[in-house]
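Undergrad: Would you mind keeping the following structure in view while I ask a few things?
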């Protein structure tokens, strides 16, 4: 039996969908430029939780020792996001700017979104048990704090509008295949 809270939540989601615009922004990762300094993680936790605590960051740095490579891991806001489909509470929602986030008012902390994410992006808040993903600091007028923190290295970059052409994306994918060759 579905409760009134779930019905109200579904109505709220349906109201958001018509307002969804085409994605205006996207964070690009250049793993070859990442030094593993974790300034992006510190900036993210400060922005969202007012404390410097890497475990509260929505960005994580994955270290690949065999290739001496650090890779920032963050939500790619997939067009057909499996995390939205798998959430039993419909707590994973797409905002008007295209980002996919967790509605903490209904998240039960089951972590289904963590397990199904193709890049392993959702992180778990160690205090609430609920998941967190990048919202691109949407309530700030400037660029995301992680991008600002990574200006010197340039591993994270905010691109807007039509600057993500298919040719550019293919070129970036080719560089990624060079870093992560098939086995």
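None of the figures in this text is laboratory data; all of them are computed from the coordinates on show. Just so you know, these numbers come straight off a predicted model, no measurement behind them. Note that each Cβ is placed from the backbone with ideal geometry, even for glycine, and that neighbours are counted across all protein chains shown.
Undergrad: If contacts are Cα pairs under 8 angstrom and at least 6 residues apart, what is the relative contact order of segment 80-145 in percent?
TA: Relative contact order for segment 80-145 comes out at 27 percent.
Undergrad: What distance in nm lies between label points placed 7 Å from Cα along the C-beta direction at residue 78 and residue 128?
TA: It is 2.3 nm.
Undergrad: Okay, moving on. Of the listed peptides 107-117, 63-73, what is their order by residue-averaged count of other C-beta atoms within 10 Å, with the highest listed first?
TA: Packing order, densest peptide first, comes out as 107-117, 63-73.
Undergrad: Let me ask another. Note down the relative contact order for segment 26-178 as a percent, whole number, built from C-alpha pairs under 8 angstrom at least six residues apart.
TA: 27 percent.
Undergrad: How long is the gain from residue 95 to residue 35 if the chain were fully straight, where each residue apart is worth 0.36 nm and the alpha carbon distance is subtracted?
TA: 18.5 nm
Undergrad: Give, to the nearest whole percent, the P(r) tail of segment 26-178 beyond 27 angstrom, counting all Cα pairs.
TA: Here the tail beyond 27 Å accounts for 21 percent of pairs.
Undergrad: Could you please rank 45, 55, placing first whichever residue has the fewest other Cβ atoms within 10 Å of its Cβ?
TA: Starting with the residue having the fewest Cβ neighbours, the order is 55, 45.
Undergrad: Report the full-extension gain for the segment residue 85 to residue 115: residue separation times 0.36 nm, less the Cα-Cα distance, to one decimal in nm.
TA: Difference between extended and current length: 9.6 nm.
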